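Just so you know, all these numbers are worked out from the coordinates, no wet-lab data involved. As the structure is a prediction and not an experimental result, all values here were calculated from the model. Reconstructed Cβ throughout: ideal geometry from the backbone, glycine too, with neighbour counts over all protein chains shown.
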Amino acid sequence: MSELDSKKALLVALVLLVLIAFAWYNFFYKDKSEEINRLRGKIEELSKYKRELPVLLVKYKKAQKEFKVYSKRLPLKEEIPSLLVKLNGIIKRQGVDLISFKPRKAYLAKNGLYYIKPINISIRATYVKCGRVFEKVARMKRLFRVVDFTLDNPKIVGTNRVLINVNFSAETYYFKRKVR
């Protein structure tokens, strides 16, 4: 019987060894192996980024310079006070009277990337001076455009000058800020 007991003991030991090996594989090796493979993939991905980093830095610096140029034309905020000062300077240099400057509520453009800030402006000028004001406004660094205007109430001043009231709507633009 001792031979039979030793065979049973050997069989139990073998089954126990297989169970321990199975448990070790499922609870330790398999998880660690998957984690090692995942980390290897991450290392390869990061190595790729490391190789591309110098090129990306050059592109980033170029994009920053371009952004500075464009943000002067399309800033990150309304900047109505500074715009009023610039516009008032243009109007005064042309010898035109600023009657009113009324900003309206900004609204989001259809594409959702920037806001449009409408402004109603009234001036009193000759037709030629009004044209010069519009020309100077069009040449501003800041994006600012006249979208609609009316001429009314002409008054003859002197022998060959006619002053008119010019009411126009203008639009200025600014980037939509991302909420974080």
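With K and R counted +1 and D and E -1, the other residues having a Cβ less than 15 Å from that of residue 164 yield a net charge of +3. Segment 115-180 has equivalent-ellipsoid semi-axes of 32, 12, 6 Å, by the square roots of 5 times the alpha carbon gyration tensor eigenvalues, sorted largest first.
In the chain, the longest principal axis of the Cα atoms and the axis of helix 80-93 are about 30 degrees apart. Residue separation of residue 148 and residue 11 scaled by 0.36 nm, minus their Cα-Cα distance, works out to 39.7 nm of gained length. Taking Lys and Arg as +1 and Asp and Glu as -1, the other residues whose beta-carbon sits under 14 Å from that of residue 46 total +3. Taking Cα atoms only, the orientation of helix 127-138 departs from the longest principal axis of the chain by about 20 degrees.
Rounded to the nearest 10 degrees, what's the angle between the helix 2-24 long axis and the longest principal axis of the chain, both from Cα atoms, 0 to 90? Helix 2-24 sits at roughly 10 degrees to that axis.
Using Cα pairs under 8 angstrom and six or more residues apart, how large is the relative contact order of segment 114-172, in percent? After rounding, I find 50 percent.
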